[in-house]
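Report on the following structure.
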């Protein structure tokens, strides 16, 4: 006399099954999309590392700069640099990043914007690094190399 009837049990099982199905669909969609940010984060890390590497070099052209990245000694040497797959400074491929492509552009006499008038005689070079990931997403990071009087 106490407990559930057969009809109540069947209704309860159906309600629980519908609820679990909805939760599993949402969980499946979130897991499927969880790797997408990884591609963007890796592309961002590669682009930022390249901008940092370029900014560490001399602003003014130096005599003798080389034709390979390990011999680049000023910012202008990086203009037009491209790589298929991410490679270190010596041209060795970085494991797991072979599907990323890097392109660099350096523009001399870049406009620093409205605040540039506060630093008279300042020369700037705009560094633009574009990294294309395996899903076709392109991420661009820019930075400046500035020469103060």
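Okay, here's what the table says:
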item: On Cα atoms only, tilt of 36-55 relative to the major axis of the chain in degrees; result: 10 degrees
item: Among 21, 132, 84: highest mean-square fluctuation, GNM of the chain, C-alpha pairs under 10 Å; result: 21
item: The chain - convex hull of the alpha-carbon atoms, volume per residue in Å³; result: 185 Å³
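Bear in mind these aren't lab numbers, they're just calculated from the coordinates by the rules spelled out. All figures in this text were calculated on a predicted structure; none of them were measured in a lab.
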